[in-house]
Every structure is written in structure tokens, then in C-alpha cells.
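I have placed the structure first, in the form of C-alpha cells, so that the comments after it can refer back to it.
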Amino acid sequence: MSALPRALTDSLQGLPGFREESFIQVHQSPERVTSIRLQTQKITDISAVFPQLETSPVPWTRSGYYLSSRPSFTFDPLFHAGAYYVQEASSMFLEEAIRQTTDTGVPIKALDLCAAPGGKSTLIQGALHPDSVLVANEVIKTRAALLADNITRWGAANVVVTNNDPRDFQRLPGYFDLMVVDAPCSGSGLFRRDPEAVEEWSRDNVILCSQRQQRILADALPALQPGGMLIYSTCSYSVEEDEQIMDWLAENFGMENIPLQLRPEWHIVETASAQHKALGYRFYPDQVKGEGFFIACFRKPGTPAAPPKIKAGFSSLPRKEAELVQPWLQDAPEMALMAHNGEAIVLTAPLAKEIPLLQKQLYIRKAGVKAGQLTPRELVPDHQLALSTCIAGNLPSLELSLDQALRYLRKEELVLENAAKGWNLMRFKGRNLGWAKILPNRVNNYYPKEMRILKAGLPDL
Ligand code: SAM
């Protein structure tokens with residue numbers, strides 16, 4: 001990679017934990033850290049996913065693992081099945097931060113404000129009580145589409161993907177119990193992985209990012225319930241984006257800093273802001289097995305207000321249509337079914353309750369799991385249903401070889417022997433990849449065109 005900007009290393013002198021020599025060295029080293037987090041509702045055994053690799057747990061998570069080398073995820077059908085999410089290890093510390101600051105034993109309403117591509121959202125979903133509601137928001141439209149795809153792969157029915165500006169959340173005053181702001185930043189923490197970011201880095205951009213972070217926080221904070229928790233993070237080492245933001249939050253919003261407990265063997269560095277002595281946590285790649293990261297937690301002052309009254313109910317699916325959908329779903333009475341533009345949507349019951357309000361105030365890209373299109377006589381199942389964790393376990397399915405699975409994921413023609421006619425789930429190692437319809441003389445591949453594998457090449461798993 002290009003040399004680290006001198007203005008960056010100079011600006012970090014004297015900061016807690018900054019060791020110039022080893023910091024420069026680790027950026028020059030070819031060593032790369034690869035880590036993934038399992039979707040434990042789909043798979044719990046890491047050795048079944050990467051039997052050919054050595055794996056070791058990421059210490060601050062329950063389902064994160066380091067891999068001994070980087071496989072080609074594109075050519076791993078289990079990646080497309082949403083069995084795991086490829087995520088940088090330091091940022092998985094959000095799980096520990098949530099555990100230490102939030103009661104995960106009760107359902108809450110959470111917002112992931114800057115959510116694309118979805119690493120933190122999938123983590124938050126897995127960490128919270130399953131009856132929680134998670135709004136995963138991304139302001140940039142194209143990135144919101146990518147976020148929606150990754151949430152589809154993850155498969156949970158309690159997530160809403162929105163495409164809103166942070167200020168739009170002011171229409172939901174005091175609504176959320178937890179707000180995660182993984183802010184857009186100057187990106188110095190990712191220099192090792194992304195050499196281009198080195199070229200783009202400048203002091204001026206750090207200042208611009210800091211101002212933007214303040215704007216985002218100021219815009220969104222009214223949507224946090226008094227007493228609610230804000231978790232702020234960046235992948236920047238710059239004080240202007242980290243410690244100074246902590247001071248700014250304390251100064252302007254009276255936000256109460258919540259310290260976290262660290263284990264010494266994690267080698268995460270505690271840092272305090274200059275004015276308010278708020279504590280945040282720095283991750284340096286020469287000390288932790290992961291990339292550069294910063295995280296801090298704050299409680300919003302005040303006592304919680306009663307949640308807003310929701311007047312309108314959601315339009316639940318008429319009984320006849322619900323009967324078409326039920327056989328495709330796990331027998332879970334707590335799921336709600338909703339009709340939207342001729343499609344059937346599956347939502348957890350607590351999310352269904354919130355939908356009318358969210359729909360009124362936000363631009364929803366995706367809510368819960370789309371079960372499929374309703375025709376007078378049948379449900380045409382959707383890809384979201386295939387990848388969801390609420391799909392029935394007894395539907396017709398076909399186990400594919402690696403070669404067949406890759407053909408399927410490229411949306412190529414398939415020849416399948418002994419397949420039952422009609423809708424079949426295409427599976428790999430027992431995990432759903434999507435749908436195919438078996439006709440008397442051919443197989444229709446229903447893998448979504450926009451999600452198909454385009455890259456040429458062979459698996460190097
Ligand atoms: N949380 C994501 C994850 O873990 O996968 C990564 C988020 S990335 C650090 C920051 C996100 O903020 C980007 O997706 C970016 O598009 C979005 N963003 C950029 N400008 C923004 C703004 N003014 N307000 C809110 N979000 C913004």
C-alpha cells in the first residue's frame with residue numbers, strides 16, 4: 001500500500017495506545033485478517049461452513065470467527081444462502097457494546113441509522129430479543145438496495161429497511177430505545193484493507209467528516225427515547241471524529257457517557273475526551289486482530305416518555321389468502337401476514353404493530369419477509385421467503401452439488417434428475433439458495449437476476 005499520510009501519523013502522536021512504529025509496520029505487512037459472523041438461526045457449526053480452514057472465535061462475539069485464509073466468498077453457495085456475513089472483526093465489538101448497555105432480554109425498538117451494506121444491522125438483529133423491531137436505514141438509494149439484499153440473505157422477519165435522510169427521523173420523536181450511528185468517516189481505520197482510501201485521505205476531509213457526523217447526530221437524536229442508548233462508531237483514528245464528537249455530544253445534548261468493561265487480553269485501548277472525560281474505545285490493527293475502529297456509548301438524558309399511540313392497524317391478509325400462505329411458513333403463531341400491492345408479507349407481530357406508523361413517516365424499501373405474489377389460487381413464492389428463517393421446513397427441495405449450486409446462482413440452465421414437479425427449494429449443504437420451478441420438460445431458474453454471480457472463475461474454497 002502507499003505510505004501512510006504523514007499528517008495522519010503526526011496527528012495521532014500522544015493519543016492513548018498509538019505506537020507509531022508498530023502502527024506503520026502493520027500497515028506495511030502483507031498480513032490480512034479475515035472474519036465472518038454466522039447467522040446462527042441458519043447454522044451454528046463453523047466447521048460445517050469452512051471445513052477446509054482453521055477458524056478461531058472473535059473474542060468479543062458469540063458467533064464471529066477468524067478464518068486462517070480468505071476463501072472466495074463469491075463462489076461459496078453458503079454465503080449466498082445467508083449462512084454468514086463477512087464482517088471485519090473489530091466492528092463486531094458492537095455486539096459486546098450492546099450486551100453491556102442494553103437489556104437484550106426484552107423486546108426493544110432499534111435504529112441502525114447509517115446501515116449499508118448491513119454488517120452492523122445483521123449483528124444488531126442477532127443480538128437483540130427476537131421480538132424487537134429493527135429499522136435499518138441508508139440515505140443513499142443505491143446503497144439502500146444493497147442493504148436490502150443483505151437483509152434478505154440474513155432472513156429475519158423483524159427488520160425494516162428504509163431509505164431516509166437522518167433528519168426524517170425527527171418525525172418519530174422519542175421512538176427508539178437504541179440508536180446505532182456507524183457514521184460515514186474519513187476511513188483511516190480501513191487503510192490496510194483499502195489502499196485507495198490512503199490516497200483520498202486529507203485533514204480537510206477529516207474536518208468535513210466531523211461536521212457531517214455532528215449534523216447526522218443532531219438530526220437523528222430527537223428520535224431517541226430519553227433514557228435510550230446511543231452507540232456511536234467510526235472507522236477513523238482522528239480525534240475530530242472520535243473524542244471530539246464525544247465532547248460535542250456531552251456539551252450540546254447532555255449525553256451521559258456509559259463506560260464499557262474491557263478484558264486486558266483484547267488489547268482494546270480506552271480513551272477519554274478532553275473536556276468531559278467521556279470514555280471511548282480505540283482499536284489499532286497492530287494491537288487487536290482486526291482493523292481500526294472507534295466506539296462509544298451514551299445514554300440520552302431524561303425519563304422515558306410513553307410510546308406514541310398507533311391509531312391505524314395494519315391491513316392483515318384476508319383469511320382465504322392467508323390460507324394460501326400458511327403452508328409455506330413455519331408453524332409460528334406470533335407471525336403476522338400483511339397484504340401489500342398484491343403480495344403477501346410476513347412480519348413478526350411486534351413489527352406488524354409498528355408498520356402503519358413507520359409507513360407514514362418513512363420511505364420503506366423492505367419490511368419483514370416478502371412471502372410472494374398472490375394469485376387467486378396460489379402463492380408464487382418470493383426469493384425473500386426462500387432465504388428467510390420463517391420458511392416451513394417440509395417444502396419440496398433438492399440438494400445441489402457445488403457445481404450445480406454455482407450454475408443455479410449464476411442463473412444458468414439446470415438439468416435436475418428425479419425432481420418433484422412444481423416449486424422446489426434449491427439447497428446446498430441443507431441451506432436454501434432460492435427457488436426453481438420444475439416443469440415436465442425443463443427447469444425454470446428463479447434466482448433473482450440482480451443477485452446472480454457475474455464473476456467468472458472457479459471456486460478456490
Ligand atoms: N454500518 C454499515 C455496516 O456495518 O455495514 C457501514 C456504514 S458506513 C461506515 C456509513 C454509511 O453512512 C454509508 O453507507 C453511507 O452511505 C452513509 N452516509 C453517507 N452520508 C450520510 C449522511 N449524510 N447521513 C447518513 N448516512 C450517510
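Here is how the numbers come out for the structure above:
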read-out: Which numbered condition CYS235 misses (of (1) more than 15 Å from LEU12 (Cβ to Cβ); (2) buried (at least 23 other Cβ atoms within 10 Å of the Cβ); (3) not aromatic (Phe, Trp, Tyr)); value: (1)
read-out: Subset of the range 261-289 that is over 17 Å from GLU96 (Cβ atoms) and within 23 Å of the chain's Cα centre (by Cα) - its residue that is surrounded by the most Cβ atoms within 10 Å (Cβ to Cβ); value: TYR284
read-out: Unmet requirement for ARG143, which otherwise passes all of (1) under 21 Å from ASP177 (Cβ atoms); (2) charged (D, E, K, R); (3) within 12 Å of the ligand (Cβ to nearest atom); value: (1)
read-out: Pairs, first more than 9 Å from the ligand (Cβ to nearest atom) in the range 112-129, second in a helix (DSSP H, G or I), C-beta under 6 Å, six or more apart; value: ALA127/GLU95; ALA127/ILE98
read-out: Among the candidates LEU402, LEU433, LEU387, LEU398, residue that is more than 30 Å from LEU337 (Cα to Cα) and at pLDDT 95 or above; value: LEU402
read-out: Hey, VAL49 aliphatic (A, V, I, L, M) and closer than 16 Å to GLY189 by Cα or not; value: no
read-out: The range 194-212, subset of a type in the set (A, V, I, L, M, F, W, C) and without any contact (Cβ under 8 Å) to a residue 12 or more places away in the chain, residue surrounded by the fewest Cβ atoms within 10 Å (Cβ to Cβ); value: LEU208
read-out: Matching option when the condition is farther than 30 Å from HIS80 by Cβ, small (Gly, Ala, Ser) and crowded, with 18+ Cβ neighbours inside 10 Å, among GLY155, GLY174, GLY189; value: GLY174
read-out: Tally, over the range 158-183, of residues that are more than 29 Å from CYS390 (Cα to Cα) and among the charged types (D, E, K, R); value: 4
read-out: Residue that is among the β-branched types (Val, Ile, Thr), closer than 21 Å to VAL139 by Cβ and away from the ligand (no atom under 11 Å from the Cβ), where the choices are VAL206, VAL198, VAL180, VAL239; value: VAL206
read-out: Failed condition for ASP103, given (1) in contact (Cβ under 8 Å) with a residue 24 or more places away in the chain; (2) more than 13 Å from the ligand (Cβ to nearest atom); (3) acidic (Asp, Glu); value: (1)
read-out: The range 81-124 - residue that is more than 13 Å from the chain's Cα centre (by Cα) and basic (Lys, Arg) and, of those, surrounded by the most Cβ atoms within 10 Å (Cβ to Cβ); value: LYS109
read-out: Qualifying positions in the range 28-51 - more than 22 Å from the chain's Cα centre (by Cα) and modelled with pLDDT of 95 or more; value: SER47, ALA48, PRO51
read-out: Any hit, the range 205-222, residues being closer than 28 Å to VAL33 by Cβ and β-branched (Val, Ile, Thr); value: yes
read-out: Filter result for the condition that a residue is of a type in the set (Asp, Glu) and not in a helix (DSSP H, G or I), over GLU31, GLU96; value: GLU31
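The values are calculated or read from the model by the stated rules, or taken from the named source; none is laboratory data. Not measured: the values here are computed from a predicted model. Here Cβ is always computed from backbone atoms with ideal geometry, including for glycine, and neighbour counts include all displayed protein chains.
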